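The values are calculated or read from the model by the stated rules, or taken from the named source; none is laboratory data. Being a predicted model, the structure only gives us computed values, none of them experimental. Because the Cβ atoms are built from the backbone with ideal geometry, glycine has one as well, and the counts that use them run over all protein chains shown.
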Amino acid sequence: MFKYCLGFLLLFSIYSSRAQIIVSEIKQAKDSVKIAERKQKKAELIHNVGNGYIPLKYFNLDLRYLFKFNQYEGIRTGLGGTTSNKLSEKFRINAYTVYGFKDGRYKYSFGGGLRLDPTHNTWINASYTDDLQETASTRFLTDKRIFQFFEPRLLNISLFYRHITKAISLQHDFYPNLSSETQFSVSNIDPKFNYIFAVNDNTYTAYELTIAKIALHWSPFDIYKSTTSGYKKTQNSYPKFTLQYTQGINRAFKGDFNFQKLDFKGAYHWVHNKDSHTEFNLATGIAFGDAPLTHLYHAYPNNINKATIMQRFSVAGLNSFETMFFNEFFSDVFSVIQAKHYFPPFYTSTYSKPQIVLISRFAYGDMQHKERHQGINFNTLDKGYLESGFELNKLVFGFGLSATYRYGAYHLPKLEDNIALKFTFNVTL
């Protein structure tokens with residue numbers, strides 16, 4: 001009897017130990033799944049914030065509208081966002097409203113989209129917008145989701161125009177790495193600076209534009225994988241190309257002017273190793289016909305019109321001309337070439353990763369009918385504009401310093417007017 005009891009106790013002990021091992025393994029597996037889910041949620045949050053969104057349950061808050069500053073509006077703050085896929089994958093609603101404390105005006109936009117084809121990410125969209133836009137700036141339709149935590153050029157922009165725009169557009173991806181958007185819009189334009197457009201024996205201080213646009217973005221070497229909600233990019237590669245055609249139509253929906261624009265930009269990065277690479281960027285555009293100054297070109301200036309170097313001390317942009325003064329040059333045809341080389345960091349710590357970046361930029365531009373644009377003084381870039389310099393980035397908490405020098409045909413008589421000293425700010429999620 002004693003032998004049977006001892007055998008039973010031994011078998012029970014072995015079974016209990018095995019059961020505990022199994023329970024422990026199940027618990028570890030569940031913990032691993034929970035950890036993996038937390039990591040995935042954290043990665044998705046970082047990805048969304050990097051794209052300019054804070055995801056809520058049915059609504060994604062757009063960080064672009066929380067806080068900005070410029071010379072016309074002063075502090076600009078508000079709220080905006082778009083509905084999320086959790087509400088619906090077949091439609092979306094987006095809106096924002098902001099207030100400028102210096103000009104004392106609200107600006108707003110509202111619109112929505114209906115998904116026609118998930119395979120090719122085909123959407124039809126409509127919007128109504130009452131807001132400001134920088135004079136002579138170019139927006140590519142396919143670039144609408146570009147987001148920067150800090151946009152240094154905005155701080156010192158002073159020339160804006162108000163536009164009340166009604167637009168309808170169609171988005172369609174021919175392939176995952178070839179996307180397109182076509183847009184038709186009607187706008188009331190009111191320049192917020194002293195400007196008269198003299199054309200066809202008439203003068204305009206405000207005007208209406210009817211515009212059709214089509215844009216293509218091609219990134220041939222990006223890699224995607226197919227998911228239930230569409231294609232997801234798994235590898236970002238270069239080169240990248242964007243082409244956009246604009247047609248202004250007069251006498252259609254009260255459009256005042258007939259003009260055409262063709263814009264192109266390309267980017268290529270040579271990666272030497274994980275800490276060093278070279279960037280090459282090209283942007284070019286040409287306008288024909290009766291295009292007003294508001295819809296022509298500047299060359300990404302980022303220098304304040306102040307007397308001394310230290311009064312002009314501000315924050316450098318990512319791809320702007322740091323020695324070119326705001327509103328100094330405008331063109332109806334222009335080209336910009338920029339090259340940067342990033343050396344490996346000197347060292348890496350929690351709060352510091354100092355890195356030298358060499359920079360060189362060239363701009364060319366011209367204008368056929370400068371006399372049409374009255375009330376504002378500016379030059380053209382027909383002699384070619386040159387600047388070079390360096391950045392010492394990420395000295396502490398993402399902040400660094402830059403120095404740039406203006407030379408060549410547009411070198412200024414006073415030496416210090418050719419030099420720009422600025423902060424840099426670089427944060428990568």
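Check whether at least one residue in segment 263-286 is touching a Leu at 6+ places or on another chain (Cβ under 7 Å), of a type in the set (Gly, Ala, Ser) and in a loop (DSSP other than H, G, I, E, B), and report yes or no. No, segment 263-286 contains no residue that is touching a Leu at 6+ places or on another chain (Cβ under 7 Å), of a type in the set (Gly, Ala, Ser) and in a loop (DSSP other than H, G, I, E, B). Considering only segment 358-392, state which residues are in contact (Cβ under 8 Å) with a residue 40 or more places away in the chain and in a strand (DSSP E or B). Ile359, Arg361, Ala363, Gly365, His373, Gln374, Asn379, Tyr385, Glu387, Gly389, Glu391 - these are the residues of segment 358-392 that are in contact (Cβ under 8 Å) with a residue 40 or more places away in the chain and in a strand (DSSP E or B).
Only one entry in Ser187, Ser219 is surrounded by 18 or more Cβ atoms within 10 Å (Cβ to Cβ) and farther than 19 Å from Tyr297 by Cβ, namely Ser219.
Within segment 56-106, which residues are of a type in the set (Phe, Trp, Tyr) and surrounded by 13 or more Cβ atoms within 10 Å (Cβ to Cβ)? If the condition is that a residue be of a type in the set (Phe, Trp, Tyr) and surrounded by 13 or more Cβ atoms within 10 Å (Cβ to Cβ), then Phe59, Tyr65, Phe69, Tyr72, Tyr96, Tyr99 are the ones that fit.
Taken over segment 112-142, the criterion of being in contact with an Asp or Glu (Cβ under 8 Å, 6 or more places away or on another chain) and of a type in the set (D, E, K, R) is satisfied by Arg115 alone.
When we screen Ala363, Ala316 for residues that are at pLDDT below 95 and buried (at least 17 other Cβ atoms within 10 Å of the Cβ), the only hit is Ala316. With the condition kept exactly as written, say whether any residue in segment 153-163 is in contact with a Phe, Trp or Tyr (Cβ under 7 Å, 6 or more places away or on another chain), assigned to a strand (DSSP E or B) and at pLDDT 95 or above. Scanning segment 153-163 turns up at least one residue that is in contact with a Phe, Trp or Tyr (Cβ under 7 Å, 6 or more places away or on another chain), assigned to a strand (DSSP E or B) and at pLDDT 95 or above. Taken together, the residues in segment 311-326 that are part of a loop (DSSP other than H, G, I, E, B) and in contact (Cβ under 8 Å) with a residue 60 or more places away in the chain amount to 7. For segment 266-293, filtering for residues that are crowded, with 20+ Cβ neighbours inside 10 Å and within 20 Å of the chain's Cα centre (by Cα) leaves 2.
Among the residues here, Val315 qualifies as in the same structural domain as His217 (by TED's automatic domain parsing) and out of contact with any His (no Cβ under 6 Å at 6 or more places or on another chain).
Total residues in segment 412-429 satisfying the condition of being assigned to a loop (DSSP other than H, G, I, E, B) and either of a type in the set (Ser, Thr, Tyr) or surrounded by 15 or more Cβ atoms within 10 Å (Cβ to Cβ) (or both): the figure is 2.
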